[in-house]
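The values are calculated or read from the model by the stated rules, or taken from the named source; none is laboratory data. All values reported here derive from a predicted model rather than from experimental measurement. Cβ sites come from the backbone with ideal geometry, for glycine too, and all protein chains shown count toward neighbours.
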Amino acid sequence: MDETNNTSDNGENATSEVGEDNSTASDEEDSLTTETSDTTWIINSNDERAPYIYETNSNQQVLVNVQSVESVTVSGKEYTRVSATGIPDYQIEITQEILDSLVNRPKASSDFVNGYPLVQTGEIVSFGQDIGYRSNSSCGSEAGYGFWPPGPVCPENVSHVGYIPTEPEASTETCETGLGVQGYWVNGTSIYQWSDGQSVNNTWHTLAPVAEVYDVDICGGHAANGDYHHHFYSDCLAEIAGDNADGHSPIYGYTADGYAIYGPWEDIGVLAKSSWAIRDYDDPRSDSGCGVAGQRSCLLVDEYDIDRGVTDTNNTGPTTSGSYTSQSGNEFDTPAGFFYEDYYWDENLTAQGGEYLDQFNGHTDSERGYHYHLTVTQDSSGQLIPVFPYTFGPRFAGKLDDQTIVNRCSTTVGR
């Protein structure tokens, strides 16, 4: 097996394209109403505080969830202004599935202080509670240490103040998503995209939900620069959104362009389906392959138009029987589907309509208008497994502007 180590594309921490803390916005507001009664957002009306996360430079525990949701008008355009600490109040029941995932970690003997987790099935764990991990030194004792696996820093009280368009408009330009905050989940934590900011040979970009699977907590989240976020579906998000899988999923969050992200269900027993397909590297005759079975020696000319074919690259990636070592030292096999460059949008899938989504991972219905979906598949045991592109994108479907959480398009895929 060939083994490849990662190289960084500025890292997941890069947030140069994020415009969520707009200091000029308040000066331009034409009108402001009182806090709305929008029940989509999880508003902390009782000053509830996190049991294990503390304010920066203070012994005060951090307020959780969303602090305020207001309707504002800026330069004649209406927005929802959301203020949050970015800290959730998850309460997680340890299931057999969760316990198995902890015990079976490839580096469990070193990832846990005692070589094993300090929880049992049926136990209720609060966000930030010590479950035995050998956490980053940024995490204090009884203040997050032990809840996160080695590597990620502990979350901090990162102030979120974001403006979300009330009436989103379809974009008229190609607008790539980037690293950092791309929107807010309904509890005020950050939505991040597929990228972890890493690549092989500055060409083959790794997928955070795959390459960072051992770097997230039992809710599928972690922090970068103190900002807690999710890259993909998790049961914790489903619970706080009230998704019981008994019909179309509710709203899980909003992206910077103003469109809502709904959960994975299109209807009872029907999952929304990604129309992104995986390249066939193993058949040398495949239109998406590179002429030699298993080789990553060519790139698609256009991942949105498979008919344009491929072009050779000297920046080869691991073979489909190769391996990749992540920043946290975990080794992964690299079958087709491991890298962003392994995917292309299949317009024929989108054309089927119904539960099949478009290139942005969204679609339109008469009740909700245009909206995105989290995308997953379901295994034989009923477990939901996140699939590319996971949340929305890889491009924004809607327009960004000077006030939105992200105020300009990324100029490079994966950054």
Among the residues of region 114-132, count how many are on the phi < 0 side of the Ramachandran plot, over 23 Å from the mean Cα position of the chain (by Cα) and surrounded by fewer than 19 Cβ atoms within 10 Å (Cβ to Cβ).
7
Determine whether region 177-195 contains at least one residue that is in contact with a helix residue (DSSP H, G or I) (Cβ under 8 Å, 6 or more places away or on another chain) and surrounded by fewer than 22 Cβ atoms within 10 Å (Cβ to Cβ).
no
Answer residue from region 244-265, given it is assigned to a strand (DSSP E or B) and in contact with a Lys or Arg (Cβ under 8 Å, 6 or more places away or on another chain) and is nearest to residue 390 (Cα to Cα) among those:
262
Would you call residue 304 modelled with pLDDT of 95 or more, aromatic (Phe, Trp, Tyr), farther than 19 Å from residue 191 by Cα and touching an Asp or Glu at 6+ places or on another chain (Cβ under 8 Å)?
no
Residues in region 169-186: is at least one free of Cβ contacts under 8 Å to residues at least 40 places away in the same chain, in a strand (DSSP E or B) and of a type outside the set (Lys, Arg)?
no
Testing residue 135 on (1) touching a residue at least 60 places away in the same chain (Cβ under 8 Å); (2) under 26 Å from residue 328 (Cβ atoms); (3) surrounded by 22 or more Cβ atoms within 10 Å (Cβ to Cβ); (4) among the small types (Gly, Ala, Ser), one condition comes back false. Which one is that?
(1)
Inside region 124-178, can you point out the residues that are of a type in the set (Phe, Trp, Tyr) and within 30 Å of residue 73 (Cα to Cα)?
163
So if I check each of 224, 245, which one is in contact with a Phe, Trp or Tyr (Cβ under 6 Å, 6 or more places away or on another chain) and more than 26 Å from residue 345 (Cα to Cα)?
245
Could you list all residues from region 148-157 that are in a loop (DSSP other than H, G, I, E, B), more than 15 Å from residue 61 (Cβ to Cβ) and either among the acidic types (Asp, Glu) or modelled with pLDDT of 90 or more (or both)?
148, 149, 150
Contacts under 7 angstrom Cβ, first residue in region 98-113 being at negative phi, partner in a helix (DSSP H, G or I), 6 or more apart
105/111
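Here's the yes/no breakdown for (1) among the basic types (Lys, Arg); (2) over 30 Å from residue 213 (Cβ atoms); (3) not in a helix (DSSP H, G or I):
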{"residue": "39", "(1), (2), (3)": "no, yes, yes"}
{"residue": "52", "(1), (2), (3)": "no, no, yes"}
{"residue": "80", "(1), (2), (3)": "no, yes, yes"}
{"residue": "92", "(1), (2), (3)": "no, no, yes"}
{"residue": "105", "(1), (2), (3)": "yes, no, yes"}
{"residue": "110", "(1), (2), (3)": "no, no, no"}
Selection over region 252-269 where residues are farther than 26 Å from residue 340 by Cα and either surrounded by 22 or more Cβ atoms within 10 Å (Cβ to Cβ) or not charged (D, E, K, R) (or both) yields a count of 2
Which of the residues that make up region 290-320 are part of a loop (DSSP other than H, G, I, E, B) and either over 27 Å from the mean Cα position of the chain (by Cα) or surrounded by 19 or more Cβ atoms within 10 Å (Cβ to Cβ) (or both)?
290, 291, 292, 293, 294, 295, 303, 309, 318, 319, 320
In region 362-391, which residue that is closer than 18 Å to residue 277 by Cβ and among the aromatic types (Phe, Trp, Tyr) is surrounded by the most Cβ atoms within 10 Å (Cβ to Cβ)?
390
With respect to the numbered conditions (1) exposed (fewer than 15 other Cβ atoms within 10 Å of the Cβ); (2) of a type outside the set (D, E, K, R); (3) at pLDDT below 95, which one is the sole condition not fulfilled by residue 54?
(1)
Step by step: first the residues of region 216-243, then only those that are among the small types (Gly, Ala, Ser) and not in a helix (DSSP H, G or I), then the one that is farthest from residue 261 (Cα to Cα). Which residue is that?
226
